[in-house]
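The values are calculated or read from the model by the stated rules, or taken from the named source; none is laboratory data. From a predicted model like this one, the values you see are computed outputs, not experimental measurements. Cβ sites come from the backbone with ideal geometry, for glycine too, and all protein chains shown count toward neighbours. Ligands, DNA and RNA are stripped out before the accessible areas are found, and what is left, the full protein with its side chains, is counted by its heavy atoms. Shrake-Rupley method; radii C 1.70, N 1.55, O 1.52, S 1.80 Å.
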Amino acid sequence: MAGTSSSIVAGLTAAAVGAIGFLAYQASATVPAGPGKAPASASPLPKAPRDRRDPLALPAMSGSGERVVYAMDDDRVWLVSDRNRVLRTFGVRPGSVDPLPGAYVVTSRSNAVTGTDGTPIEHVVRFTSVDGVAIGFSAAVDQDAAQVPDPTVRTGGIRETRADGEAMWMFATIGVPVIVLR
């Protein structure tokens with residue numbers, strides 16, 4: 001009987017190890033490119049043409065489907081629905097480190113942390129990093145204290161108002177595309 005019990009335990013152990021290995025493979029196959037990396041299919045995007053009559057209009061060539069569009073030259077963000085409808089647009093104040101133009105995905109989020117400049121921030125939505133500096137959208141908890149950034153500190157925070165930060169937080173969950181344009 002001892003031999004039979006040992007065989008059963010060995011068989012169950014082998015099946016469990018195999019199942020864990022399969023689940024680990026599935027999990028790794030669905031993980032985004034990782035913090036600081038654009039998806040493998042991303043390619044740098046040229047400066048998208050703007051509508052001169054409507055500077056708040058979504059830039060042409062900004063992709064399709066649900067996405068966040070960030071135009072660095074305009075310091076502006078658009079939250080775009082899966083039906084290509086602009087849900088919200090707002091101005092932002094970038095940090096001292098810019099991402100490269102291209103297509104990314106939201107890789108991590110934090111409800112409340114301290115920014116690299118020492119400012120308490122909330123609704124942090126990260127999508128890449130540049131030379132070890134995390135790049136993402138956030139809102140300063142104290143809007144008055146956030147008005148004068150320290151130019152000597154390397155920051156990747158793209159600052160929004162608290163209301164815009166709340167909108168970004170509700171919209172930009174893990175995996176949502178972020179299109180960065182010049």
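Taking the conditions exactly as written (under 21 Å from ARG154 (Cα atoms) and hydrophobic (A, V, I, L, M, F, W, C)), does ALA103 satisfy them or not? No: the conditions fail for ALA103.
Answer yes or no as to whether ARG83 is outside any loop (DSSP other than H, G, I, E, B) and open to solvent by 30 Å² or more (accessible area, probe 1.4 Å). In short, no. Inside segment 67-80, residues that are under 17 Å from the mean Cα position of the chain (by Cα), charged (D, E, K, R) and surrounded by fewer than 18 Cβ atoms within 10 Å (Cβ to Cβ) make up a count of 1. Among the residues of segment 111-137, how many are outside any loop (DSSP other than H, G, I, E, B), small (Gly, Ala, Ser) and out of contact with any Lys or Arg (no Cβ under 8 Å at 6 or more places or on another chain)? Count: 2.
Going by the structure shown, is SER138 polar (S, T, N, Q), open to solvent by less than 10 Å² (accessible area, probe 1.4 Å) and at negative phi? Please lay out each step first, then the result.
On the way: polar (S, T, N, Q): yes; open to solvent by less than 10 Å² (accessible area, probe 1.4 Å): yes; at negative phi: yes.
When the stated conditions are applied, SER138 passes them.
The residues of segment 56-89 that are in contact with a strand residue (DSSP E or B) (Cβ under 6 Å, 6 or more places away or on another chain) and of a type in the set (S, T, N, Q), listed by number, are SER62, SER81, THR89. Among the residues examined, GLY157 qualifies as at pLDDT below 95 and surrounded by 23 or more Cβ atoms within 10 Å (Cβ to Cβ).
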